[in-house]
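Quick notes on the structure that follows.
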Amino acid sequence: MADPKPFEIAFSASLRRGDAPNARGGADAARVVTGQSFGVAASTLEGAFYGHMCAGAVAGAVEHTAMFPVDTIKTRLQAATSASGRSYAHAMSTSSGASVAQAMQTIRGLYRGVSAAGLGAGPAHAVYFATYEKCKVWFGGGVKGEHAPVAHAAAGACATILADALQNPVDTVKQRLQLANSPYAGAMDCVSKTLRNEGVRAFYRSYPTTLAMNVPFTAIHFSTYEAAKTALFKASEAEREGFAVQFAAGGGAGGRAAGG
C-alpha cells in the first residue's frame with residue numbers, strides 16, 4: 001500500500017500555493033474597498049463643505065438685504081446726538097406731512113448701500129459657516145450627538161475672526177451710505193474717496209471693536225446651539241435631525257447669546 005504521506009504533503013503544498021494568491025487578492029480587495037470608502041467619505045466631506053459655503057452665502061445675502069431698512073434706521077439713530085433731538089421720524093428723514101414723492105424718496109433712502117451689503121454678505125457668510133464646520137471637526141466637535149462646547153465655541157470664534165475680516169470693510173461702506181445726507185454718490189464713490197482720503201486702515205478702524213463684540217457672542221451662540229440641538233434631537237427620538245429641532249435650538253441659542 002502506498003504511503004499517503006507524500007500525497008498529504010503535496011496536497012497541503014498545493015493548498016498553500018493556492019491560498020497565497022487568494023490572501024494577496026483578499027488584501028488587495030480590502031485595500032481597494034478601504035480606498036473607495038475613504039474616497040467616498042472625503043468626497044462627502046468636500047461636498048458638505050461647499051454646501052455650507054453656498055448655503056451660508058445665500059442666507060447671508062438674503063438676511064442683510066431683507067433687514068437693510070431696519071439696519072439703516074438703527075444706524076441713523078446711533079449716529080444721532082442728543083443735541084440734535086433726532087427721533088424715529090428724523091431717522092427715516094420724513095415727517096407726517098410728507099408727500100407721496102417724499103415718502104418714496106425716503107424708502108429709496110433706506111436702501112442706500114444695499115448693493116454693498118448684499119454683495120459683501122455673501123462671501124463673508126460663506127467663509128463664516130464653512131470655517132465653523134471645518135474648525136468644528138478639527139477641534140474634535142464634529143461627532144454627532146456628542147457634547148463638545150469648547151470645540152464649538154472655539155470654532156465659532158475662528159469663524160467670526162475670518163468672516164469679520166471680510167465683512168468689516170463692507171460694513172464701513174454700508175454705514176457711510178446709510179447716514180442721512182451722506183456725501184457719497186454710491187458704493188464705489190465711497191470706496192474710492194475713503195481710500196484716497198483715509199487709506200485702507202479706515203475700512204478696519206472698527207475691526208477690533210467688532211471682534212470684541214462678536215467673538216464672545218458667537219462662542220456662546222454656537223456652543224449653546226449645538227448643545228440644544230443634541231439635547232432636542234435625543235429627546236425627539238427621531239431618526240434624522242429635523243427643521244423643528246434646528247429652529248428651536250437656533251432660537252434658544254440666539255436668545256442666550258444676546259442675553260450674555
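The values are calculated or read from the model by the stated rules, or taken from the named source; none is laboratory data. Computed from a predicted model, the values in this text were never measured in an experiment. With ideal geometry, Cβ positions are generated from the backbone for all residues, glycine too; neighbour counts draw on all protein chains shown. Accessible surface is based on the protein model in full, side chains and every heavy atom, while ligands, DNA and RNA are left aside. Shrake-Rupley method; radii C 1.70, N 1.55, O 1.52, S 1.80 Å.
Is it true that I161 is at pLDDT 90 or above and over 18 Å from P123 (Cα atoms)?
no
Condition first: modelled with pLDDT under 80 and surrounded by 14 or more Cβ atoms within 10 Å (Cβ to Cβ). Now tell me which residues in the stretch 64-87 satisfy that. Steps first, answer last, please.
Of the residues in the stretch 64-87, the ones modelled with pLDDT under 80 are 64, 78-87.
Of everything in the stretch 64-87, those that are modelled with pLDDT under 80 and surrounded by 14 or more Cβ atoms within 10 Å (Cβ to Cβ) turn out to be H64, A79, A80, R86.
Among the residues of the stretch 247-260, which ones are small (G, A, S), modelled with pLDDT of 70 or more and open to solvent by 40 Å² or more (accessible area, probe 1.4 Å)?
Those that are small (G, A, S), modelled with pLDDT of 70 or more and open to solvent by 40 Å² or more (accessible area, probe 1.4 Å): A248, G251, G252, G255.
Working only within the stretch 220-246, note down all residues that are aromatic (F, W, Y), surrounded by 12 or more Cβ atoms within 10 Å (Cβ to Cβ) and at pLDDT below 90.
Selection gives Y225, F233.
Give me the helices (runs of 4 or more DSSP H) completely within the stretch 111-219, filtered to those with at least 1 residues that are open to solvent by 70 Å² or more (accessible area, probe 1.4 Å) and closer than 27 Å to K229 by Cβ, ordered by residue number. Show your work before the answer.
Working: elements: 114-138, 149-178, 187-198.
Result: 114-138, 149-178.
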